[in-house]
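Structure first, commentary second.
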Amino acid sequence: MAATTTLLGLVTPTQGTLSGTWGDTVNYGISDYLDIAIAGTLSFAGDGAITLANTTGSASGNAITSTTAQYMVIRITGTQTVTKVITGPSYSKLYMVDHAGATSAVTFKASGQTGVSVAVGEKCFVYYNGTDYVKVAGSVNTGVTTFTAGTTGFTPSTATSGAVTLAGTLAVANGGTGLTAGTSGGIPAYTASGTLTSSGVLNQYGVVIGGGAGAVPTSTAVGTATHVLTSNGAGVAPTFQALPGGGVTTFNAGTTGFTPSTATSGAVTLAGTLAIANGGTGTTSTTFANLTTNVTGTLPIANGGTGTTSTTFANLTTNVTGTLPIANGGTNGTATPTANGVVYGTGSTIAYTAAGTTGQVLTATTSSAPTWATPSSSALVYISQVVASNSATVSFTGLTVYDNYMIIWSKAFPTAASTILFTMLTSIDNGSSYATTSYTYGMPIIGSNSTGLSGVAAVTNSTYINLSPDNMNATAADCSISGQVTLNLKDSTKFNFQSWGQVAMYNDGGNTHFSGAFSAARKETSATNAIRFKFTSGNISTGTFRLYGIVNS
C-alpha cells in the first residue's frame, strides 16, 4: 500500500510505482478524501457514542465509512435523550459541527478528555489543540444582548446594551430601602406599604418604643440605676421608675420541720430540723453508723452485699483450673490461636489451622482438619462476574496476579438493530484508556443457513479485535453471541498481549448459526492489565461475563 499523509491520511504515491492503477489510487486515496475533507458532511442520529477514525483509500476503493474522521462537517439529527458523545481523532483537525437534533446537547472531545458542549441548534467550529477539542466560533451568542432594570428603581446609563452602569435607588420591593439618606442614630421604619423612612435620633441606652401604624419608632429617656421599665397604661409611653416599697409579706415553713424565728414577716431566720421527707436527716446528731465498728453480721447478696466476710475472690490466673466448656461460652480447648490461621471445629473443641502462604487455597478433607494447599498448575480460580444490563461496555481491570486469565461469556445480546460486531479492546493503564489501533486477529468461520456459509477472516492493524464470525444484522432481540477467550498477558519478545478462544453466534433474522476459533495479538510497551468488551454500535442489552485466573504454577 502506498504511504499516506500524517493528518488526513491522503495517499502519497511513490515515484515509479502504481503502474496501471495510478488513476484509481489517486481518485480513491486522494480526490475522494479531499472532497469530504473540504465539503463532506457526516450525519449522526440518536444517543449512541461515536468514535471517528481515519480511513485510507487504495486502488481497490476509498474505504470511507460512516465514522471516517476526514469529513469536514459533522451534523447531528433526530432526538437525543442523553448527551451524545462524539470522539474525534487526536491530531490537528478542524470540524464544523451542526447540532440539528433535539432535547440534549452534544459533547465533542478527544479520547480521554472532556471536550466542548454543543447546544441544540448551535453551529460551531471546533479544532484539536494538541490535548482536546476546543470551540473557536459558534452561532450561539454568549454575551449580554439586552438589559432592563425592571421595577428595581435602577436606571441604565445607556438604553439597553453596551457597557451598562446603573443609577437610581434600589426599591423596597427588590430588597432595597428606597432611601438615599437617613438620620445618624436613627432606624428605618415603614410609614406606608412599600415606603421606608428614617426615625429621629434614638437616645443612647434608651428603649425603642413603637409608634403604631404609619408612625416611626421613638425611644424612652435613660433610666436611673435600679429603676425598672414600667407601663403607664394604654396610650401612654412606658418609663423607667423605682420599684414600689414592700417585700416578703408572709412565710410558712410547711411540713419541712423548719420554724421561723419570727412570726411570718420581716427578716426571717429558720430554726428546727429538716425532715427526711424534704431531703434532710431528721436529726441533729453528728454521730452516724460506722460500718467498721457499729455494724455486725454479713450483708446478704439480695441487699447489695457479698454474703461473705472473705476478702479473697477468684483469680482467673491462680484460682481457676480446668477448661471452660463450649456450652458455658468457652472453647473447650487450650490451643493458642495461630497468626493468620483459620478457626475450625473438631466436633468437641475449637482449633486453628497453620498459616498459609501466598497463592494457597484452603482445602477440606472428610476426616481431618482443613489445610492450606497449592492449586494444581491447571486450576481455574474464579475472580468476578459482571451481568450486563443495557451496558455500553463490560470491563475487567487489575489483571496483574496471573500470567493467564480466562473469560467466559454467555448470550450477549445487542441493543442496536443494525449491522454490528462484537469486539474486544486492551489496556495497559488499568482501564484509564483502551487501545484503538494495531490489533491483529484471525478467525476461521463455520456457518450454516439455508445455503451454508464458511470462510476465514484475517485482519492486521485493526482498531479492535473482532469476536463476531459474521455481522449481527437481525433485530436486536434475535442476535446473541457466546464464547470463551484465554488471555496471555506475560511479555514475550514480539507481543505483550496474546489471546485465543472460541465463539458461537446465532442470528435468527437470517436463521444463521456461526462458530469460530480465533487468535489475536497486540504489541505493547508494557504488560496488558485490563480488557473491555463492546458492540460497535449500541449497548450490551444482557449477558453474563465471568473472569477466572489460571494458576501460574
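Bear in mind these aren't lab numbers, they're just calculated from the coordinates by the rules spelled out. As the structure is a computational prediction, the values presented were derived from the model and not from experiment. Every residue, glycine as well, gets a Cβ built from its backbone with ideal geometry; the counts of neighbours run over all protein chains shown.
Taking amide H positions as modeled 1.01 Å from N, with prolines and chain starts lacking one, the residues under 5 Å from N203 and 5 or more places away or on another chain are S219.
Around the amide H of F240, modelled in the peptide plane, lie the amide H atoms of T230, all under 5 Å away and 5 or more residues distant in sequence or on another chain. For the peptides 388-394, 17-23, 149-155, the ranking by mean Cβ contacts within 10 Å, running from highest to lowest, is 388-394, 149-155, 17-23. Reducing the stretch 352-417 and the stretch 1-50 to their Cα centroids gives an inter-centroid distance of 47 Å. Gyration tensor over the Cα atoms of the stretch 3-138: the corresponding equivalent ellipsoid has semi-axes (square roots of 5 times the eigenvalues, largest first) of 31, 15, 11 Å. Computed from phi, the 3J(HN,Hα) profile of the stretch 33-47 under the Karplus parametrisation 6.51, -1.76, 1.60 (θ = phi - 60°) reads 6, 5, 4, 6, 5, 9, 9, x, 10, 10, 10, 9, 10, x, 9 Hz, with x in place of Gly and Pro.
Label zone of A213 (point 7 Å out along Cα→Cβ, amide N under 14 Å): in the stretch 165-193 this covers 191-193. Report note on the peptides 273-284, 29-40: ranked by the mean count of other C-beta atoms within 10 Å, highest first, their order is 29-40, 273-284.
Under conditions of 20 °C and 1.002 mPa s, the stretch 305-374 yields 140 µm² s⁻¹ as its translational diffusion coefficient, taking Rh as the Kirkwood radius over Cα pairs in the Stokes-Einstein equation.
Judged by the mean number of other Cβ atoms found within 10 Å, the most tightly packed of the peptides 419-432, 338-351, 222-235 leads the ranking 419-432, 338-351, 222-235.
Here K84 is the anchor, and the aspartates and glutamates within straight C-alpha reach of less than 12 Å, apart from those fewer than 8 places off in the same chain, are D47. Here the Karplus curve 6.51 cos²θ - 1.76 cosθ + 1.60, taken at θ = phi - 60°, turns the phi angles of the stretch 58-67 into couplings of 8, 4, 8, x, 7, 6, 6, 10, 6, 10 Hz, with x standing for Gly and Pro. Cross-link reach is defined here as a Cα-Cα straight distance under 18 Å, omitting same-chain residues fewer than 8 places apart; for K523 the lysines meeting it are K490, K494.
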